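Trainee: This is the structure I want to talk about, given as structure tokens.
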């Protein structure tokens with residue numbers, strides 16, 4: 001559903017609720033408009049507002065925790081790849097082919113992560129043969 005449709009539906013419900021409130025005000029007896037009734041309505045509105053704030057706060061906290069977890073995993077993976085590249089560089093020129101395979105695998109993974117055209121379910125997994133070749137070269 002588009003954002004415009006959601007907005008229009010929301011406006012329709014709010015307007016309909018207002019019209020229903022006007023109808024109820026005319027049809028209710030006068031003793032329902034006392035101070036006690038108004039206090040109960042204010043208390044109910046406060047409860048609804050508090051619950052909405054609580055739900056939004058929990059939603060934001062959950063999103064932040066998910067982002068922090070993914071960021072930490074990416075940082076950890078990046079540091080391990082950098083360490084592996086450095087160790088392979090210390091092994092000398094015979095590890096050049098393994099380092100090239102590692103760089104290609106990292107570039108391929110970054111392209112997959114940055115791709116916005118593919119959905120999460122249709123993204124292809126890294127090829128197991130490419131990973132096996134890299135492992136054999138190391």
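Trainee: How far is helix 128-137 tilted, in degrees, relative to the longest principal axis of the Cα atoms in the chain, given as a value from 0 to 90 rounded to the nearest 10?
Mentor: The helix 128-137 is inclined about 40 degrees to the chain.
Trainee: Quick one: length gained pulling residue 6 to residue 38 fully straight, 0.36 nm per residue minus the C-alpha distance? Numbers along the way, then the final one.
Mentor: Numbers: separation 32, 0.36 × 32 = 11.52 nm, distance 3.10 nm.
Full-extension gain reported as 8.4 nm.
Trainee: Which of 105, 12, 61 moves the most in a Gaussian network model of the chain with Cα springs under 10 Å?
Mentor: Between 105, 12, 61, it is 12 that shows the largest mean-square fluctuation.
Trainee: Can you give me the angle between helix 3-27 and the longest principal axis of the chain, using Cα atoms only, in degrees from 0 to 90, rounded to the nearest 10?
Mentor: 20 degrees
Trainee: What full-extension length gain, to one decimal in nm, is calculated for residue 138 and residue 54 as 0.36 nm per residue of separation minus the Cα-Cα distance?
Mentor: On the way: separation 84, 0.36 × 84 = 30.24 nm, distance 5.17 nm.
Working it through step by step, the gained length comes to 25.1 nm.
Trainee: Most mobile of 71, 115, 27 per a Gaussian network model of the chain (Cα springs, under 10 Å)?
Mentor: Per the Cα network of the chain with a 10 Å cutoff, 27 tops the list.
Trainee: Using the 10 angstrom Cβ neighbour count as an exposure proxy, how do 42, 30 rank, fewest first?
Mentor: Lowest to highest Cβ neighbour count: 30, 42.
Trainee: Same structure again: Just to confirm my numbers, what's the Cα centroid distance between the range 5-28 and the range 42-104 in Å?
Mentor: 45 Å
Trainee: So what's the chain giving for Cα Rg divided by 2.2 N^0.38 Å, two decimals?
Mentor: Numbers: Rg = 29.7 Å, N = 138, 2.2 N^0.38 = 14.3 Å.
The reported ratio for this selection is 2.08.
Trainee: Using a Gaussian network model on the chain with a 10 Å cutoff between Cα atoms, which of 106, 26, 87 fluctuates the most?
Mentor: Among 106, 26, 87, the largest mean-square fluctuation in the Gaussian network model of the chain belongs to 26.
Trainee: By how many degrees, between 0 and 90 and to the nearest 10, does the Cα long axis of helix 35-90 differ from the longest principal axis of the chain?
Mentor: 0 degrees
Throughout, read-outs are computed from the coordinates displayed, never taken from laboratory work. Not measured: the values here are computed from a predicted model. Cβ sites come from the backbone with ideal geometry, for glycine too, and all protein chains shown count toward neighbours.
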